[in-house]
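Quick note: the coordinates plus some simple rules give every number you see, no bench work behind them. Every value quoted in this text rests on a predicted model; they were computed, and no experiment measured them. With ideal geometry, Cβ positions are generated from the backbone for all residues, glycine too; neighbour counts draw on all protein chains shown.
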Amino acid sequence: SFWGATVITNLFSAIPHVGNLLVVWLWGGFSLGEATLVRFMMIHMVVPLVMFLFLGFHLFALHLGGSKPPLGNPFKVDSIMFTPYLTLKDFSFLFWVISILLLMCLVSPSLLMDPENFSKANSLVTPIHIQPEWYFLS
C-alpha cells in the first residue's frame, strides 16, 4: 500500500510546471505520512458518497420521466414500468452482491490481501517481490 501510493502519486510529478507542487499537495508534506493517509481516506469516503447521490438523482429522474429510446418508442406494448419490476431486480442483485462481500469479509478478511501489506512500511527498503493486485492480472 505504501509503495502503491508512492508510485501513483509520483505519476503526477510528470505534469509540467505544477507536477511537483501537486505531489507535495497530495502528500500533505514532502513525503508520504499521516496527512496522506487522512487525505486518501477522505477521498475513499467522499467519492462513493457523491456517486451514491448521483445514482439516487439518476433513479429519481428515471422515475419521473421514464426511460425512453432516443428515437422514441412506437410500440408501447412491449414497455414495462420502471417501478416495481426493474427496481426490485436491481435491489435483489445488490443484496446478493453485498451479502457475498460481507460473508467474505467476515469469514476471511485477509483472503484477497497480499502478505506484504502486513509488514511495516519502510521508505528506505523496497520490497523484494512487487506484483500487481489480483484485479489487475486479468
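Legend: Rg and Dmax of the chain, from Cα coordinates, 22.3, 68 Å.
Ellipsoid semi-axes for segment 80-138, based on the Cα gyration tensor and the rule √(5λ), read 39, 14, 9 Å when sorted largest first. FRET efficiency for the HIS63 to LEU101 pair, using the beta carbon distance and R₀ = 35 Å, is estimated at 0.80.
ILE15 label point, 7 Å along Cα→Cβ, cut-off 14 Å on backbone N: hits in segment 23-49? Hits in segment 23-49 for ILE15 at 14 Å: 23-28.
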